[in-house]
Amino acid sequence: MSQERKLRVLIAKPGLDGHDRGARIIARALRDAGFEVIYTGCHQTPEQIVQTAIQEDVDLIGLSILSGAHNYSFPRIMELLKENGADDITVIGGGIFPLEDIPKLKEVGIKEIFTPGTKLEDIIKWVRENVKPRRVDAA
Amino acid sequence: MPPEIKQEGDDSMSIVEKVLEGDVRAVARLLRDIDDQVPSTRSILQQLYPHTGKAYIIGITGPPGAGKSTLVDQMTTYYRKLGKTVAILAIDPTSPFSGGAILGDRIRMQRHFLDPGVFIRSLATRGHSGGLTKSTHDMITVLDAMGKNIIIVETVGVGQGEVEIAECAHTTLVVTVPGLGDDIQAIKAGIMEIGNIFVVNKADREGAKKTVQELRNLLEMGKKFRMETGATNGWDPPVIETQAHKGIGIDELCEAIESHREYLTTQALDELKKIMVKRALHQFSETLKDELFKEMMRRMEKKGMNIDDLAAKIADKEVDPYSLSRSLIRDELKEPESAV
């Protein structure tokens, strides 16, 4: 029978940052919210993240970063998505960000940034409200 | 309605071309549509089907934590060195409560992410039992048509009875690790019967030799039975020790797969045919069931019948599921009442 599309999410950790507890907790919370979550582990390059997102046909990429290298990796990921014609994928970030960086990240197309202390329910609520699975026949 | 169908056809034509050219984005999206049971995928698959039959399909199954993903990663490296292109379908379980899933098989395959000769797709079971997803067979069709030489299907971590992989793979690997239980586990029916090659991974662990010996004994005992039933004639499933995380035993494993392929394509053409027919039968019967079910649902809805209401009636014992199904089918198919 006609089945609703399942939201597919990629949770990725760009760069030289091995602290993935936060990413795993988010992955788990999104699973419990009924989404299919692809988790690829630490130390991902922007290229790897974008290729994975394309091959897995995800609706959302969640980038977890604590290293401070977001000003390089986030814009690079957005650039690569555009180059590959995949900039319809929503991208969000989570982790530690100096407040003054957040507007710049949003400027390059990151839809939302979640900082420490954000409730899991709030992230899930945001995803439900802002990310819709790709429409049928949009291909 | 009719013009819409025509439009769909035109649209699907270009998707077919893109898939045949190996367009990764088009393939990825089509796989999603197949998984989500989008109706237009049927006509696309129909057009792709004649372009299939070239890929060699390897199934890999075994309990959770046996090292299946790591083996797939190492095998992929082996095949890429030979210049063969690889597609991987890696399956993980869906939560029966939330419907969500964590798909983590890619963690072990990171080094292939940027290789254009490798396509990896993570899948969730979505309630399908048997070790695969409902969509696996159709996805193999797409990956075959896109021109991948080798398709590796990694099942969900299985227990004992998930044997569907043997219905789609040319060569099925059953992976185990030392210390999973006594030898009575190995003589139970189920996955121990479907392996063309057995792999004892983590072979540096205590008890590995014992596990290998138990498997060999079991296979020796089963040999007579296999020959009598004609299930296999002339192929003795080897038991191979690997330490996947170190890459030890991978050459031997891939050479064993090649021997099995050679066996199928030269000595045992009838067995190969049997595998193909089994797979075709599975695809055909599943598609038929699906289409019939959808057609029935469509007709019932048109008559204002709601399946949830009917289910409630059955639960209240107003009617039983057997006579209800039969009468609905009889009415719709306009068959004279069956004598049975």
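How about the range A:55-77: which of its residues are surrounded by 20 or more Cβ atoms within 10 Å (Cβ to Cβ) and of a type in the set (A, V, I, L, M, F, W, C)?
Answer for the range A:55-77, where residues must be surrounded by 20 or more Cβ atoms within 10 Å (Cβ to Cβ) and of a type in the set (A, V, I, L, M, F, W, C): A:VAL58, A:LEU60, A:ILE61, A:LEU63, A:ILE65, A:LEU66, A:PHE74, A:ILE77.
Give the residue, chosen from B:LEU264, B:LEU281, B:LEU288, that is loosely packed, with under 12 Cβ neighbours inside 10 Å, among the aliphatic types (A, V, I, L, M), closer than 30 Å to B:VAL175 by Cα and within 22 Å of the chain's Cα centre (by Cα). Talk me through it step by step, then tell me what you get.
On the way: B:LEU264 fails: loosely packed, with under 12 Cβ neighbours inside 10 Å; B:LEU288 fails: closer than 30 Å to B:VAL175 by Cα.
Residue meeting the stated conditions: B:LEU281.
What number of residues within the range A:52-67 satisfy the criterion of being assigned to a helix (DSSP H, G or I) and of a type in the set (A, V, I, L, M)?
Of the residues in that region, 2 qualify.
Kindly list the number of the only condition in (1) under 14 Å from the mean Cα position of the chain (by Cα); (2) at pLDDT below 95 that fails for A:LEU10.
(2)
Specify which of the listed residues (A:ILE38, A:ILE49) is assigned to a helix (DSSP H, G or I), within 14 Å of another protein chain (Cβ to nearest Cβ) and touching a helix residue (DSSP H, G or I) at 6+ places or on another chain (Cβ under 8 Å). Break it down into steps so the answer makes sense when it comes.
On the way: A:ILE38 fails: assigned to a helix (DSSP H, G or I).
Selected residue: A:ILE49, the only one of A:ILE38, A:ILE49 that is assigned to a helix (DSSP H, G or I), within 14 Å of another protein chain (Cβ to nearest Cβ) and touching a helix residue (DSSP H, G or I) at 6+ places or on another chain (Cβ under 8 Å).
Quick one: B:ALA186 ticks every box in (1) more than 18 Å from B:GLY222 (Cβ to Cβ); (2) at pLDDT below 85 bar one, so which box is it?
(1) is the only condition that B:ALA186 fails.
Any residue at all in the range B:91-103 that's within 28 Å of B:GLN46 (Cα to Cα) and more than 11 Å from the chain's Cα centre (by Cα)?
Looking for residues that are within 28 Å of B:GLN46 (Cα to Cα) and more than 11 Å from the chain's Cα centre (by Cα), one finds at least one in the range B:91-103, hence yes.
Identify all residues within the range A:57-69 that are on the phi < 0 side of the Ramachandran plot and either more than 13 Å from the chain's Cα centre (by Cα) or touching a residue at least 60 places away in the same chain (Cβ under 8 Å) (or both); write none if there are none.
Residues satisfying the conditions are A:ASP59, A:LEU60, A:LEU66, A:SER67, A:ALA69.
Collect the residues in the range B:122-146 that are crowded, with 24+ Cβ neighbours inside 10 Å and either closer than 14 Å to A:GLN48 by Cβ or facing chain A (nearest Cβ under 9 Å) (or both), keeping them in residue-number order.
Passing the criteria: B:SER122, B:LEU123, B:ALA124.
Are any residues in the range B:329-340 of a type in the set (Lys, Arg) and either outside any helix (DSSP H, G or I) or at pLDDT 90 or above (or both), and if so, which ones?
Let us first name the residues in the range B:329-340 that are of a type in the set (Lys, Arg), namely B:330, B:334.
Scanning the range B:329-340 gives a single hit, B:LYS334.
Under 9 Å by Cβ, and 6 or more places apart or on different chains, what pairs join a residue from the range B:250-268 that is acidic (Asp, Glu) with one that is not in a helix (DSSP H, G or I)?
Close Cβ pairs (under 9 Å, with a partner that is not in a helix (DSSP H, G or I)) amount to B:GLU252/B:PRO238; B:GLU252/B:ILE240; B:GLU252/B:GLU241; B:GLU252/B:THR242.
Please count how many residues of the range A:18-27 are more than 7 Å from every other protein chain (Cβ to nearest Cβ) and either buried (at least 17 other Cβ atoms within 10 Å of the Cβ) or modelled with pLDDT of 90 or more (or both).
Of the residues in that region, 6 qualify.
Going through the range A:12-35 one residue at a time, which ones are within 14 Å of A:LEU66 (Cβ to Cβ) and either β-branched (Val, Ile, Thr) or part of a helix (DSSP H, G or I) (or both)?
Within the range A:12-35, A:ARG21, A:GLY22, A:ALA23, A:ARG24, A:ILE25, A:ILE26 qualify.
What are the residues in the range A:103-124 that are under 15 Å from the mean Cα position of the chain (by Cα), touching a residue at least 12 places away in the same chain (Cβ under 8 Å) and on the phi < 0 side of the Ramachandran plot, if any?
Residues satisfying the conditions are A:LEU105, A:VAL108, A:ILE110, A:LYS111, A:GLU112, A:ILE113, A:PHE114, A:THR115, A:LEU120, A:ILE123, A:ILE124.
Got a number for residues in the range B:128-168 being among the acidic types (Asp, Glu) and not in a helix (DSSP H, G or I)? Show your work before the answer.
Within the range B:128-168, the first condition is being among the acidic types (Asp, Glu), and the residues that meet it are B:138, B:144, B:154, B:162, B:164, B:167.
Checking the rest, the ones that are also not in a helix (DSSP H, G or I) come to B:154, B:162.
Total meeting the criteria: 2.
Need at least 2 residues that are closer than 26 Å to A:ARG31 by Cβ, within 14 Å of chain B (Cβ to nearest Cβ) and modelled with pLDDT of 95 or more per element, so show me which helices (runs of 4 or more DSSP H) inside the range A:68-139 make the cut, counting only ones lying wholly within it. Step through it out loud before you land on a result.
Working: elements: A:70-83, A:101-107, A:120-130.
It comes to A:70-83, A:120-130.
Criterion first (of a type in the set (Gly, Ala, Ser) and more than 7 Å from chain B (Cβ to nearest Cβ)) does A:GLY15 satisfy it?
Yes; evaluated as a whole, the condition is true for this residue.
What pairs come out if I take residues in the range A:12-24 that are on the phi < 0 side of the Ramachandran plot and basic (Lys, Arg) and pair them with residues that are part of a helix (DSSP H, G or I) and surrounded by 13 or more Cβ atoms within 10 Å (Cβ to Cβ) whose C-beta lies under 7 Å away, six or more apart or interchain?
Going by the 7 Å Cβ cut-off, the qualifying pairs are A:LYS13/A:ALA23.
Can you run down the residue pairs with Cβ atoms below 7 Å, 6 or more apart or on separate chains, where the first is in the range B:282-302 and away from chain A (no Cβ under 14 Å) and the partner is modelled with pLDDT of 90 or more?
Pairs that qualify, where the first residue is away from chain A (no Cβ under 14 Å) and the partner is modelled with pLDDT of 90 or more, are B:HIS282/B:HIS137; B:GLN283/B:HIS137.
The values are calculated or read from the model by the stated rules, or taken from the named source; none is laboratory data. Remember, it's a predicted structure, so these values are computed and weren't measured experimentally. No Cβ is skipped: glycine too gets one built from the backbone with ideal geometry, and neighbour counts run over all protein chains shown.
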